[in-house]
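The values are calculated or read from the model by the stated rules, or taken from the named source; none is laboratory data. Please read all numbers here as calculations on a predicted model, not as lab measurements. Counting neighbours? That spans all protein chains shown, and the Cβs are built from the backbone with ideal geometry, glycine included. Calculation scope for accessible area: heavy atoms of the full protein, side chains included, ligands and nucleic acids excluded. Shrake-Rupley method; radii C 1.70, N 1.55, O 1.52, S 1.80 Å.
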Amino acid sequence: MTRHDDGGMGDMERTFAALPPAHGRGFAQTWWGQAWLTALEGTALDSAQLKTGRRLARAGAVGAVSVRPGRLTAVVLDRDRTPHRADVLLEELSSGQWDRFLDMTVERAGHVAALLDREMPPHLVEDAADAGVELLPGLGDLEPECDCGAWDHCGHTAALCYQVARLLDQDPFVLLLMRGRAERSVLDDLQCRSGTSLAEASAPEGVDAAEAYAAGDILPPLPPLPELPVEPGVPPSLDAETPPAAGIEPAALEFLAARTAVEAHGLLRGALQAWSHVELTSAQDAVRLAAGVPGPEMTDRLAAGSGRGGEGLATAVRAWRHGGTEALSVLDEEWQPRDETLARARAALDSAWDAGERPELRARANRWTVAGAPVQLRLGRDGRWWPYRKERGRWQPAGGAAQDPATALASVTAPASAETAPEEGISL
């Protein structure tokens, strides 16, 4: 959804699609992204809520993020998949502050070039501060609002802030939009003040046409295939301050967007599997065909042809939908990791949780079962972790793979009626 203000200042609301889980990486790689997190961590009174927010953001529980002047909004899912609308407010700059910032920026060509390269070097922020303009938030500047009822930063608003740090890494104009100006407005104002086309100032030198034609048959290698997200993305919340236009039903749009995300996720999975060039065995191909919901008669034939039977085929289809042949291998194979593989796995488990928060796990071969719970992690031969849940006496695939065991475990939500798993293996 895009909203335009009455002053013609361009797009005054941007919506960023949900980001994939942050496997084994920090939330801020740039110094300005880290400054954003410093403002959050210095504001929140409860460190436990910050930890909860990090876990939720790392597990991919933050939906699409809406950014507009003075406000961030996203739907954040609890570990039990309950959605909450989370907002974070930041004061907008005044007209006088914007004038001082733009005048200061246009006087220094390096500042303009940095913004065009989507960078925010320290000297730009320092020069802005000297002009009386604080671009980055300070302690206490990030004001939370959440429908969970918390009066301070809760896990939902903290997760939103951690996710926004990743957006800021990619594009500092996100911060400028929160401060009150859209990217196009900022660039147009800079161009008016400088009297020079910013496009001309940043244009690369030309290339000789004969050289370009001679090199036309030299093609770069194809980029790597994208990773399949763990699950379909969460559409942005349409619960905005602007009332809908006549004939528009926000609830219906949200439903259609959610269904479209599911369909897109399925199409991407099929495309990636089609490009994988993996030769399937007859039993694997039977599972692939059964995943297409062929009807009862064909399903019975495929169950017999795969050698799995009806229930076994249903479980295999769930695995296939989470990860194709790799997920089938994790379902079927129980293997003993080598000492070095086991050491890396234990190190990953130890580092995935804060001190004292890791659940008790019992290991058998490549399978780690949570003591007293119907939840299990399985280690694939490629080092990724696959979540499983026990349902009616059978271990069932519960999600896609993750590099981080805590992320994989967080994706498992055991139903209330699920049985308690026996504590198998040795304790870790």
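Legend: calculated FRET efficiency, residue 141 to residue 334, from the Cβ-Cβ distance at R0 = 56 Å, rounded to 0.05, equals 0.60. Full extension of the chain segment joining residue 107 with residue 152 gains 12.1 nm, where the gain is 0.36 nm per residue of separation less the Cα-Cα distance.
If 407, 299 are ordered by their accessible area, calculated over protein heavy atoms with a 1.4 Å probe, which sequence runs from highest to lowest?
On the way: 407 10, 299 50 Å².
Putting 407, 299 in descending order of accessible area: 299, 407.
Phi angles across the range 125-141 convert, under the Karplus curve 6.51 cos²θ - 1.76 cosθ + 1.60 with θ = phi - 60°, into 3J(HN,Hα) values of 5, 5, 5, 5, 5, 4, 8, x, 10, 9, 6, 7, x, x, 4, x, 7 Hz, Gly and Pro given as x. Peptides 169-178, 100-109 ranked from most to least packed by the mean count of surrounding Cβ atoms within 10 Å: 169-178, 100-109.
For the range 282-361 and the range 67-128, compute the distance between their C-alpha centroids and round to whole Å. Centre-to-centre (Cα) distance: 44 Å. Backbone geometry of the range 308-322 corresponds, through the Karplus equation with coefficients 6.51, -1.76 and 1.60 at θ = phi - 60°, to 3J(HN,Hα) couplings of 9, x, x, 5, x, 5, 4, 5, 5, 5, 4, 4, 4, 5, 8 Hz, x marking Gly and Pro.
A 1.4 Å probe run over the range 48-146, with the rest of the protein chains in place, finds 42 Å² accessible per residue. Between residue 298 and residue 267, the distance separating the two model label sites (each 7 Å from Cα on the Cα→Cβ line) works out to 2.1 nm.
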